[in-house]
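I have placed the structure first, in the form of structure tokens, so that the comments after it can refer back to it.
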Amino acid sequence: ARGEYRHYMLKEIHEQPRAIADTLENRIGLERVYEQAFGHAATDLFADIEAVQIVACGTSYHAGLIGRYWLEGLASLPCTVEVASEFRYRKPRVAPHTLFVTLSQSGETADTLAALAYARELGFAHTLAICNAPESSLVRGSELVLMTQAGPEIGVASTKAFTTQLVALLLLVAVLGRRHALSPEGETHIVQLLRSLPGQIEQVLGLDAAVQAWVPFFANKQHALFLGRGTQYPVAMEGALKLKEISYIHAEAYPAGELKHGPLALVDSDMPVVAVAPNNELLEKLQSNLQEVRARGGELFVFADAQNAIREDAQTHVITVPPTDDLLAPIVYTVLLQLLAYHVAVSKGADIDQPRNLAKSVTVE
Ligand code: F6R
């Protein structure tokens, strides 16, 4: 039941600290990730993996995109990510020893299931499903399985399923990475950060009132632009998808460096520009992209790390986010974008848990 919450989506947003803690339970020790979490055969099947292909749809696809930055950046494993409805209709070239990974909340998404069946024909080394539905077709059809422990997700817009998928991907980075470029210290670092994650999510949930205060700037707009760089680019994509699916405001995400290659032409005071700006090596680059927006009369809404020097001005609204490690930033900042989409949609009187034209589980093509 929704209990004290007005909508399932809000309840599920607030469940994320618990969902993440449950997804970590019995999967990590003090310093190591237990690879049995992926199934009894994990040690054998992971032994010869040298590359990863991720396939998923929608929000789950966005999790995969973030996973690629981690698998390549931390584990040095080549990784490609594709939406299932494209993957299944082309002729991908499969490099030897490639692990085929599907991400899905429901485990019943028709295109993802078809992609898994196709993957067997294509000769992938092994298959792994990261999934939230224990008895699903995807789980039954995969050699290895890592269950996210989000619990039933009722709201059509995926929230806790997404953040627990990201946690699951970090567990995968650890177990594959230790066979490649990830040092024992690197793995310990991931484990320690993961332990701190539920508490960090609790903290950003406390920024709810600040996010709500931005609602009037969005509620009567037709369009919004979301910007991020690095792992924050897929975070921006996820923020834009949440906003469009529940508030029906057209939203697009761009890697901030692409602004000047076209979308800058759209920027004016009628199009709010949301930026996710954790403190990382790309911050300076992002700052100059934000300046490009200001110079065109755009209005900025920035989620910025407390240590950043992004100041409020007539065109710049800032919500200050507690400092977080670069690795966790995609998860932490996503929660804020979920809240933004939620409150904007509520103010428009939209049907939050049942957006028009959408189904929770897309079992048809
Ligand atoms: C968006 C959303 C969808 C799903 C997509 C895949 O909020 O929920 O984009 O992520 O339909 O569904 P699963 O993860 O069940 O395969």
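Read-outs throughout are calculated quantities, based only on the coordinates presented, and are distinct from any laboratory measurement. Here the structure is a predicted model, which is why all the values come from computation and not from measurement. Virtual Cβ from ideal backbone geometry, glycine too; neighbours counted across all protein chains shown.
Given the chain, what percent of its DSSP beta bridges are antiparallel, to the nearest 5? Antiparallel: roughly 5 percent of the beta bridges in the chain.
Considering only the other residues whose Cβ falls under 10 Å of the Cβ of His97, what net charge follows from Lys and Arg at +1 and Asp and Glu at -1? Residues close to His97 contribute a combined charge of -2. Fully extending the segment from Ala209 to Ala47 would add 53.5 nm, taking 0.36 nm per residue of separation and subtracting the current Cα-Cα distance.
Counting only alpha carbon atoms, the long axis of helix 184-205 and the longest principal axis of the chain meet at about 40°.
Relative to the dominant Cα principal axis of the chain, helix 110-122 is inclined by about 40°. Converting the Cα gyration tensor eigenvalues of the chain into ellipsoid dimensions via √(5λ) gives semi-axes, longest first, of 32, 22, 20 Å. Full extension of the chain between Arg140 and Gln192 gives 15.5 nm of extra length, using 0.36 nm per residue less the Cα-Cα distance.
Our helix-only sum for the chain, with -39,500 (n - 2.57) per DSSP H run of n ≥ 4 divided by its residues, gives a mean residue ellipticity at 222 nm of -13000 deg cm²/dmol.
Over the chain, what is the relative contact order in whole percent, taking alpha-carbon pairs under 8 Å and six or more residues apart?
Details: 712 pairs, mean separation 70.5, N = 365.
19 percent.
If you average the alpha carbon positions of the stretch 280-317 and of the stretch 40-102, how far apart do those two centres end up, in angstrom? After rounding, the separation between the Cα centres reads 33 Å. Listed by chain and number, the lysines whose alpha-carbon sits under 25 Å from that of Lys360, ignoring those within fewer than 8 places in the same chain, are Lys11, Lys160, Lys242, Lys244, Lys348.
What distance in nm separates the simple spin-label points at Arg93 and Glu31, each placed 7 Å from Cα in the Cβ direction? Result for the modelled spin labels: 4.2 nm. Using the alpha-carbon atoms, what tilt in degrees (0 to 90, nearest 10) does helix 160-177 show relative to the longest principal axis of the chain? Its long axis makes an angle of about 50 degrees. Taken over the stretch 26-94, the alpha-carbon convex hull comes to 123 cubic angstrom per residue.
Once the other residues with Cβ under 11 Å from the Cβ of Met271 are scored (Lys, Arg +1; Asp, Glu -1), what is the net sum?
Working: positive: Lys221, Arg296; negative: Glu252, Asp268, Asp270, Glu299.
Counting the neighbours of Met271, the net charge comes to -2.
Tell me the GluC sites (Glu not before Pro) within the stretch 13-45 that lie in a loop according to DSSP and have at most 10 other beta-carbon atoms within 10 Å. Of the GluC sites (Glu not before Pro), the ones in loops of the stretch 13-45 whose Cβ has at most 10 other Cβ atoms within 10 Å are Glu25.
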